[in-house]
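Asks: Once you've had a glance at the structure underneath, I'll fire off some questions.
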Amino acid sequence: MDKDIENASLKEAIERHGSDPTQENRLWLLHELIDARLILPVVIIPQPVNNKIPEDATVNYFSMQTKSGQTYLAVFSSLEEMGKWNKNPNKMYLVRSYESIKQLVLANRKHYDGFVLDPMGCNIAVKNELMENVERLSPNGSNTLHTQRVETEGNSGLLPAYNPPEKLADALKEYFASKDNIKAAYFMQTVKKGDKKPTYVIVVDFCKDGSLKDAFDGIAAAAHSTLSEGEEIGLMPAFDKMAARYIKGVKAFYEKE
């Protein structure tokens, strides 16, 4: 049994979402949850020998019921959080991925309405409906956002996008306004070789140094919820020589005030 389950990134995402429940922070929380290794308290009869569960063993889980009658499987992000619920140092538990927890709950949906994470701490209830759609909502889901340099070979180059999707533009403007390192942004598009529909490309002009990956990851998360399945966009920094050439004379759709 692992003793080093801490999920520091998940805890940070939970705290940030709790103090600032934006769409970006919600998506980041979902992303960290999917990647987490979680603790599932159990009672195993007969008890494991040398950490091996006998083939004929019965594994019993713990659940919690709300006042409205909903039942949730109890799951924890760390041994510390589990200790807040049950201080018995010999409490048995299994370490499971989010996917394993999801499969367990959905396979027994007659008994569970979802699972509750750290019921004596953040007390986040993840319902069955969310589990069925969380991959679609997460930045690592089926939608794709390219944060790397957009290749020009075989493409139409970059052209201004004069009528960008309103929801996407609004989501990006809201995100840019919350950051102090984004000076301006340009809505462009390119038609890839073999494609008929254009792909949108966001060219971002930064006014401060920092991690380009972190900046683009944040922009991708902000944009993600507005895209339909299969849609994709590209992200490029304005200091890229190709991007700088194509945005000359183009009006930015966002400029820092």
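Quick note: the coordinates plus some simple rules give every number you see, no bench work behind them. Since we're looking at a predicted model, the values are computed, not measured. In this analysis, Cβ positions are derived from the backbone assuming ideal geometry, glycine residues included, and neighbour counts consider all displayed protein chains.
Asks: Angle between the Cα long axis of helix 166-177 and the longest principal axis of the chain, 0 to 90 degrees, nearest 10?
Replies: For helix 166-177, the angle is close to 80 degrees.
Asks: What angle do you read, to the nearest 10 degrees and between 0 and 90, between the alpha-carbon axis of helix 23-35 and the longest principal axis of the chain?
Replies: Its long axis makes an angle of about 50 degrees.
Asks: Ok, one more. Over all alpha-carbon pairs in the chain, figure out the percentage whose distance exceeds 25 Å.
Replies: 54
Asks: Now, a different point. Determine the percent antiparallel among the DSSP beta bridges restricted to the chain, to the nearest 5.
Replies: The antiparallel proportion sits near 70 percent.
Asks: Could you list D180, D35 in order of exposure, starting from the residue whose Cβ has the fewest other Cβ atoms within 10 Å?
Replies: Listing D180, D35 from fewest to most nearby Cβ atoms yields D180, D35.
Asks: Moving on to the next point. Using Cα pairs under 8 angstrom and six or more residues apart, how large is the relative contact order of the chain, in percent?
Replies: Relative contact order of the chain: 17 percent.
Asks: Placing one identical point scatterer on every Cα of segment 8-137 and ignoring solvent, what is log10 I(q)/I(0) from the Debye formula at q = 0.12, 0.19, 0.20, 0.22 Å⁻¹?
Replies: Computed log10 I(q)/I(0) values: -0.48, -1.15, -1.26, -1.46.
Asks: Here's another thing I want to ask about it. Check which residues have an amide H placed less than 5 Å from S97's amide H, if you skip close sequence neighbours.
Replies: Counting only residues 5 or more places away or on other chains, the set is L38.
Asks: Would you list, by chain and number, the lysines whose Cα falls below 29 Å from the Cα of K127, excluding same-chain residues fewer than 8 positions away?
Replies: K3, K11, K67, K84, K87, K91, K102, K110, K167
Asks: Could you tell me the relative contact order of segment 8-137? Use alpha-carbon pairs under 8 Å, at least six residues apart, and round to a whole percent.
Replies: 25
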